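Report on the structure given below.
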Amino acid sequence: MARGVRQALPEFAKPPVVEVAISVQFDEISRFQPAYYGRLWERFRAQYPKTEHKAPLGSVIELFDAKGMPRASLSVEPGMPAGRCWFLSEDELQLIQVQPDRFVMNWRKLETDAVYPRYTSLRERFLRELEDFLDFIKDEELGEFHPLQCEVTYVNHIFQGSGWETRADLPKVLTVWSGDTSDDSLPPIEEARLHWQYRMEEGDAPVGRLHIQLQPAVRTLDRMPLLSLTLIGRGPPPPDGIPGVLAFADRAHEWIVRGFTSITTPLMHKIWERTR
């Protein structure tokens, strides 16, 4: 990311965002057993009257060597009997995911005309719900909160007819994709799936990683083809509890917004009505 004076974040009047998640991984709260999900639900039930039980999410940790070069993203499959519980709002656009080593807050557009509520609003809700969860952990004397990794995820759906028609039009969508070949031996590209990443830095020190994924999909409602563009900012928070979690979330959000703007073209910015 460019150094120097920080400029205001880019903004779009009609961003293609369909889902946002803010997540924190922490040392497993080993005394958290399945029965506690019911007690916890009583705290959230007024706003989240629906529940679903899911398999737990695996742990993903960003690793760097001594010089700050990326080594890997370490994935560890979970083995926790408590699983994962979803608490959903009545319209299912908002949900909280809880398991013994992770807390996640999601907003989803689903197949609705819901408007993206903006990061500031989601951040406030994440803080409020996380504090309620930690109050529950404290009241039940289940353990201590030691955050290990934070993650912010943005999912964008770019529909066919909105700047592109075929996969050969990817250069109209992404600045990082040229579509060029060294000769004319090949026909136009039929399909593409991309995954690339950037090291998030402060000075010369790595503070996390920005992952970007592009894959084809279709809208369930009408089978409309689309490009699903996902940006994930992940890394360890500063070691001061909730303030550190929020500080990393803010950092990841900035990288995601600037990264999204950088990798997409002025044509798409016009379609999404860039205002800044």
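The values are calculated or read from the model by the stated rules, or taken from the named source; none is laboratory data. Because the structure is predicted, anything quoted here is derived from the model rather than measured. All Cβ positions, glycine included, derive from the backbone under ideal geometry; neighbour counts span all protein chains shown.
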Can you tell me which residue among R193, R219, R223, R199 is buried (at least 17 other Cβ atoms within 10 Å of the Cβ) and either on the phi > 0 side of the Ramachandran plot or of a type in the set (D, E, K, R) (or both)? R199
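Does L130 meet the test of being on the phi < 0 side of the Ramachandran plot, part of a loop (DSSP other than H, G, I, E, B) and at pLDDT 95 or above?
On the way: on the phi < 0 side of the Ramachandran plot: yes; part of a loop (DSSP other than H, G, I, E, B): no; at pLDDT 95 or above: yes.
The answer is no for L130.
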Give me the residue from the range 229-244 that is small (G, A, S) and surrounded by 18 or more Cβ atoms within 10 Å (Cβ to Cβ) and, out of that set, farthest from W196 (Cα to Cα). G235
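Looking at R209, R123 in this structure, which one is surrounded by 13 or more Cβ atoms within 10 Å (Cβ to Cβ) and in contact with an Asp or Glu (Cβ under 6 Å, 6 or more places away or on another chain)? Quick ask: steps written out before the conclusion?
Values: R123 fails: in contact with an Asp or Glu (Cβ under 6 Å, 6 or more places away or on another chain).
Going through R209, R123 in turn, just one is surrounded by 13 or more Cβ atoms within 10 Å (Cβ to Cβ) and in contact with an Asp or Glu (Cβ under 6 Å, 6 or more places away or on another chain): R209.
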Please name all residue pairs, on different chains or six or more residues apart, with Cβ atoms under 8 Å, provided the first residue is in the range 172-191 and is under 21 Å from L267 (Cα atoms) and the second residue is of a type in the set (A, V, I, L, M, F, W, C) and assigned to a loop (DSSP other than H, G, I, E, B). K172/W164; V173/W164; W177/A192; G179/I189
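Within the bounds of the range 135-142, is there any residue that is among the basic types (K, R), out of contact with any strand residue (DSSP E or B) (no Cβ under 6 Å at 6 or more places or on another chain), at pLDDT 95 or above and under 30 Å from F32 (Cα atoms)? Quick ask: steps written out before the conclusion?
Filtering the range 135-142 for residues among the basic types (K, R) gives 138.
Filter once more, keeping what is out of contact with any strand residue (DSSP E or B) (no Cβ under 6 Å at 6 or more places or on another chain): 138.
Adding the requirement that they be at pLDDT 95 or above leaves 138.
When the remaining residues are screened for being under 30 Å from F32 (Cα atoms), the result is 138.
Yes: one or more hits.
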Enumerate the pairs (first residue in the range 143-162 and at negative phi; second residue anywhere and part of a loop (DSSP other than H, G, I, E, B) and surrounded by fewer than 19 Cβ atoms within 10 Å (Cβ to Cβ)) with beta-carbon separation below 6 Å, excluding pairs fewer than 6 apart on the same chain, so at least 6 apart or on different chains. H146/D27; Q149/P236; F159/M224
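With the structure loaded, tell me whether V173 is more than 30 Å from F126 (Cα to Cα) and buried (at least 19 other Cβ atoms within 10 Å of the Cβ) or whether it fails that test. Break it down into steps so the answer makes sense when it comes.
On the way: more than 30 Å from F126 (Cα to Cα): yes; buried (at least 19 other Cβ atoms within 10 Å of the Cβ): yes.
Judged against the criteria, V173 is a match.
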Of the residues in the range 249-276, those that are outside any helix (DSSP H, G or I) and charged (D, E, K, R) come to E273, R274, R276
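Condition check ((1) in contact with a His (Cβ under 8 Å, 6 or more places away or on another chain); (2) within 25 Å of Q7 (Cβ to Cβ)) across all residues:
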| position | (1), (2) |
| --- | --- |
| Q213 | yes, no |
| L231 | yes, yes |
| G235 | no, yes |
| I271 | no, yes |
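For Q94, are the conditions met, namely being surrounded by 12 or more Cβ atoms within 10 Å (Cβ to Cβ) and either more than 21 Å from the chain's Cα centre (by Cα) or at pLDDT below 95 (or both)? Reasoning before the result, please.
On the way: surrounded by 12 or more Cβ atoms within 10 Å (Cβ to Cβ): yes; either more than 21 Å from the chain's Cα centre (by Cα) or at pLDDT below 95 (or both): no.
No.
Looking at the range 213-220, is at least one residue polar (S, T, N, Q) and within 19 Å of the chain's Cα centre (by Cα)?
Looking only at the range 213-220, we keep the residues that are polar (S, T, N, Q), and these are 213, 215, 220.
Checking which are within 19 Å of the chain's Cα centre (by Cα) leaves us with 213, 215.
Yes.
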L246: at pLDDT 95 or above and either out of contact with any helix residue (DSSP H, G or I) (no Cβ under 9 Å at 6 or more places or on another chain) or part of a helix (DSSP H, G or I) (or both), yes or no? yes
Just give me the residues in the range 113-126 being touching a residue at least 12 places away in the same chain (Cβ under 8 Å) and not in a helix (DSSP H, G or I), in sequence order. A114, Y116
Flagged pairs (Cβ under 9 angstrom, 6 or more apart or on separate chains; first in the range 265-276, at pLDDT 95 or above; second among the hydrophobic types (A, V, I, L, M, F, W, C) and surrounded by fewer than 17 Cβ atoms within 10 Å (Cβ to Cβ)) are W272/A13; E273/A13; R274/A13; T275/A13
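Can you give me the number of residues within the range 93-112 that are part of a loop (DSSP other than H, G, I, E, B) and touching a Ser or Thr at 6+ places or on another chain (Cβ under 8 Å)?
Our first condition is that a residue be part of a loop (DSSP other than H, G, I, E, B); within the range 93-112, this holds for 93, 100-101, 109-112.
When the remaining residues are screened for being touching a Ser or Thr at 6+ places or on another chain (Cβ under 8 Å), the result is 93, 100-101, 111.
The number of residues fulfilling the criteria is 4.
Do we find a residue being surrounded by fewer than 16 Cβ atoms within 10 Å (Cβ to Cβ), part of a strand (DSSP E or B) and touching a residue at least 40 places away in the same chain (Cβ under 8 Å) anywhere in the range 17-30? Break it down stepwise before answering.
Residues of the range 17-30 that are surrounded by fewer than 16 Cβ atoms within 10 Å (Cβ to Cβ), as a first pass: 27, 30.
Checking the rest, the ones that are also part of a strand (DSSP E or B) come to none.
There is no residue in the range 17-30 that is surrounded by fewer than 16 Cβ atoms within 10 Å (Cβ to Cβ), part of a strand (DSSP E or B) and touching a residue at least 40 places away in the same chain (Cβ under 8 Å).
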